[in-house]
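The values are calculated or read from the model by the stated rules, or taken from the named source; none is laboratory data. Keep in mind that what you see is a predicted model, and the values were worked out from it rather than measured. Cβ: placed from backbone, ideal geometry, glycine included. Neighbour counts: every protein chain shown. Calculation scope for accessible area: heavy atoms of the full protein, side chains included, ligands and nucleic acids excluded. Shrake-Rupley method; radii C 1.70, N 1.55, O 1.52, S 1.80 Å.
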Amino acid sequence: QVQLVESGGGLVQPGGSLRLSCAASGSIFRLRPTAWYRQAPGKQRELVASLISGGNTNYADSVKGRFTISRDNAKNTLYLQMNSLKPEDTAVYYCYVPLLGNDYWGQGTQVTVSS
């Protein structure tokens with residue numbers, strides 16, 4: 001059974017930074033695409049950043065230049081470094097990995113950007 005556990009969310013002021021982590025129960029990130037999504041109240045879940053084979057990354061236009069996705073295969077952990085946070089970044093953030101035909105999601109971590 002694959003388990004993904006996010007951490008690192010919280011309350012931060014506009015302009016601040018947070019680093020989200022997603023720890024996996026096994027070596028599932030290696031050579032597989034992984035991603036961070038977010039869902040704000042009343043809105044659909046949206047793709048924030050993805051990391052695919054070869055280390056290529058993609059970002060939503062709204063976070064380009066501010067967020068960085070990375071992973072540490074030795075630690076089975078996916079990260080999302082978020083800088084210059086804005087109130088519109090407020091959402092529940094989820095890590096995601098497709099594996100053997102199934103979609104695996106973490107439980108989510110709340111990020112609130114407010115003064």
Original post:
Which of the residues spanning the stretch 48-58 are assigned to a strand (DSSP E or B) and either open to solvent by less than 80 Å² (accessible area, probe 1.4 Å) or modelled with pLDDT under 95 (or both)?
Top reply: Val48, Ala49, Ser50, Leu51, Thr57
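Here is a yes/no grid of residues against (1) charged (D, E, K, R); (2) within 16 Å of Val2 (Cα to Cα); (3) within 13 Å of the chain's Cα centre (by Cα):
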site: Pro33; (1), (2), (3): no, yes, yes
site: Thr57; (1), (2), (3): no, no, yes
site: Gly65; (1), (2), (3): no, no, no
site: Ser84; (1), (2), (3): no, no, no
site: Glu88; (1), (2), (3): yes, no, no
Subject >> Criterion violated by Ser27 - all others in (1) within 13 Å of Leu78 (Cα to Cα); (2) open to solvent by 80 Å² or more (accessible area, probe 1.4 Å); (3) part of a strand (DSSP E or B) satisfied >> reply: (3)
Original post:
Any idea which of Ser27, Ser50, Ser21, Ser70 is over 15 Å from the mean Cα position of the chain (by Cα), of a type in the set (Ser, Thr, Tyr) and under 19 Å from Leu4 (Cβ atoms)?
Top reply: Ser27
**OP:** Give the residue that is surrounded by the most Cβ atoms within 10 Å (Cβ to Cβ), with candidates limited to residues of the stretch 59-84 that are in a loop (DSSP other than H, G, I, E, B) and polar (S, T, N, Q).
**Re:** Asn76
Original post:
Would a scan of the stretch 30-40 turn up a residue that is touching a residue at least 12 places away in the same chain (Cβ under 8 Å), under 13 Å from Cys95 (Cα atoms), outside any helix (DSSP H, G or I) and among the hydroxyl-bearing types (Ser, Thr, Tyr)?
Top reply: yes
Original post:
Pick from Gly16, Gly8, Gly42: which is more than 14 Å from the chain's Cα centre (by Cα) and open to solvent by less than 80 Å² (accessible area, probe 1.4 Å)?
Top reply: Gly16
